[in-house]
Amino acid sequence: MASRTTLCGPCSERHITKTSEYWCPECEEAICNDCQEHHKVLKATRSHELIPIDKYISLPSCITDIQKSCYYHNEKYQQYCVAHALPICFKCIKEHQKCNVIPLDEVTHNAKTSGHLQDLETRLVDLLQNIDRIGKDRMANLDSIQEKKELHLAEIQQIRNQINKHLDKLEKKIIQDLEEKECQCKKNIQKILSEVEEKKNLIIENQTNLQSIKQHASDLQTFLVMRNIEVKVFENEQYLQSLVETNKLDPEDLTCNVDPGVLSILDSLKTFGSIEIDMKSSSIRLIREKDKQAQLQVTQTKTIADVKLILQKTITTGGETIRGCCMSVNGDYFFTDYNLRKKVNVFASDGKFKFDMLLDPSYGYDITMINEKTIAITSGFSSEHIGIDIIDIESRKKIKFISLPGRPWGITRDQDSLFVCVKGRGIYRVNTLDYTTSHLISCNLSGSTYISIFAEKIYYTDWIHNSVDCCDRHGSHVWRFKEESVLKKPRGITVDNDENVFVVGASSSNVVIISNDGKHHREILTKEQGLSEPSAIFFDKQTGKLLLANTRKNAFLYSVT
């Protein structure tokens, strides 16, 4: 390409060597500065847009290699075959007689400003964003695998240490037993040896006496002494015989009987365990700007001025200190009765009491549904049970406890994750698939905080500072709402499908609705309307219902219109 573009094409035809300054994409020819003046005024070329030659040289090959003339007939493209999506020259039309052929100008007209190009640009941006999200997700998966590997290595080492300690304990016990049995055998044998030695000395003495009698004693003396010696000999013969008859001379031996369970370890235990690769459902959802725009065109977003609450039902909870509420997919209502009662109350969709369950030692602060069968409840101010209880609704039993580094308060679920406010530390994320925890946002949260999630934003209340904060999932602050004349001691928080934020004011006895940008607000329920001691609030995104609970006795179900 360099040789074609460094010299002016028209001048070269006249055997004049001149350096080119411009490139004409229409003529596919380099021209010098003088020729470009003629190029601009000639009727055939005055509409051509020239570009500086250095910019043309820097263009990628996918652009410079495009031919504007037919490869087969060496004539300029002037028609377009819609069926084959190909530019063609007039001679090519014979081969495309049955095709839909239109002038090339019709498809190239305003190509740079066409919606098709804009859509293509948007799709490229979407692709890059999705690839970036997938990359981050896979990197997070790599980190998760590394963490799991280290966790399992520690678990394997712990089991190995426990086995070693147990075997050491058994070994010590059998060695002690061996030493005791050896001591017992030695003691029995030493006792017989001592008795026999004593008898031996007595017999030797009698032998000596008998020899002396033979040499120096009279017959009478010999007779009388022989009688005494004979008695002693008989006694010793009887003693030795008794040793044989009572099996006291049977040799003692030590036998080690190894427990078959120990030996079976060598025979039956072939592996320490097994490692499996679990495939889980991906949380990645591909984003397309085109789809989002179509959704926005279909869905009319309601502003806070449009929102109205219509009371549908009153539920008598009979609570003493209601702090959390939520709804199940089948319409059951759940309320935590905090601190003193330490229980969760469950009501059917018609408002009738179904059952309750004690949460002790957890105080039972806030609650959220994990799925149609399980719920998660935070322990609140409890000092001996700091974390989250996972409870099976059908069996009414705690099936898992997730320990946390600080007292947990508000909790919510989004897809396969729980998000929980931890006092003094910030917001933690708990994976509901394997219950692993991660520190998502670091901040000095006060107690009695609540949290809600919508799309990519996290909303939480601050009881101490009378504020509502919104941030993204990386912890970057988006906005803060703080109007103490309207909202005091905010507790429960929830977000509707239009990203309008509902917040309970405990001290101001009201419910305030805040716009999704945090700039506008209005009181949607007030003390003057009979609202008293509101505490918890929950918006069901499937039914569009809003559940509001008072600290004591009652809860209210509203339809949001």
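Annotations for the structure displayed:
- Test: residue in the range 401-423 that is touching an Asp or Glu at 6+ places or on another chain (Cβ under 6 Å), at pLDDT below 95 and either open to solvent by less than 20 Å² (accessible area, probe 1.4 Å) or not hydrophobic (A, V, I, L, M, F, W, C) (or both): no
- In the range 203-235, the residues that are open to solvent by 60 Å² or more (accessible area, probe 1.4 Å) and of a type in the set (A, V, I, L, M, F, W, C): I203, I204, L210, L220, F223, L224, M226, V231, V233, F234
- Residue in the range 140-158 that is within 30 Å of Y435 (Cα to Cα), touching a residue at least 12 places away in the same chain (Cβ under 8 Å), open to solvent by 100 Å² or more (accessible area, probe 1.4 Å) and out of contact with any Phe, Trp or Tyr (no Cβ under 7 Å at 6 or more places or on another chain) present: yes
- Residue satisfying condition, being within 19 Å of the chain's Cα centre (by Cα) and within 23 Å of I514 (Cα to Cα), within set S467, S452: S452
- Hits in the range 418-449 - residues which are more than 22 Å from A506 (Cβ to Cβ) and among the aliphatic types (A, V, I, L, M): L418, V430, L433, L440, I441
- For the range 117-126, the count of residues that are in contact (Cβ under 8 Å) with a residue 40 or more places away in the chain, farther than 30 Å from I66 by Cβ and of a type in the set (D, E, K, R) is zero.
- You will find that of L193, L167, the residue that is out of contact with any Gly (no Cβ under 9 Å at 6 or more places or on another chain), open to solvent by 90 Å² or more (accessible area, probe 1.4 Å) and hydrophobic (A, V, I, L, M, F, W, C) is L193 and no other.
- The number of residues in the range 1-18 that are at pLDDT 90 or above and open to solvent by less than 90 Å² (accessible area, probe 1.4 Å) comes to 8.
- Per-region count, the range 351-380, residues closer than 15 Å to R407 by Cα, loosely packed, with under 15 Cβ neighbours inside 10 Å and in contact with a Phe, Trp or Tyr (Cβ under 9 Å, 6 or more places away or on another chain): 0
- Matching strands (runs of 3 or more DSSP E) fully within the range 479-561 where at least 3 residues are buried (at least 21 other Cβ atoms within 10 Å of the Cβ) and in contact with an Asp or Glu (Cβ under 8 Å, 6 or more places away or on another chain): 510-514
- Out of K400, K354, one residue alone is in a strand (DSSP E or B) and over 18 Å from the mean Cα position of the chain (by Cα). It is K354.
The values are calculated or read from the model by the stated rules, or taken from the named source; none is laboratory data. Quick caveat, the model's predicted, so the values are computed rather than measured. Every residue, glycine among them, receives a Cβ derived from its backbone with ideal geometry; neighbour counts consider all protein chains shown. Just so you know, the surface numbers come from the protein's heavy atoms only, side chains and all, with ligands and any DNA or RNA stripped out. Shrake-Rupley method; radii C 1.70, N 1.55, O 1.52, S 1.80 Å.
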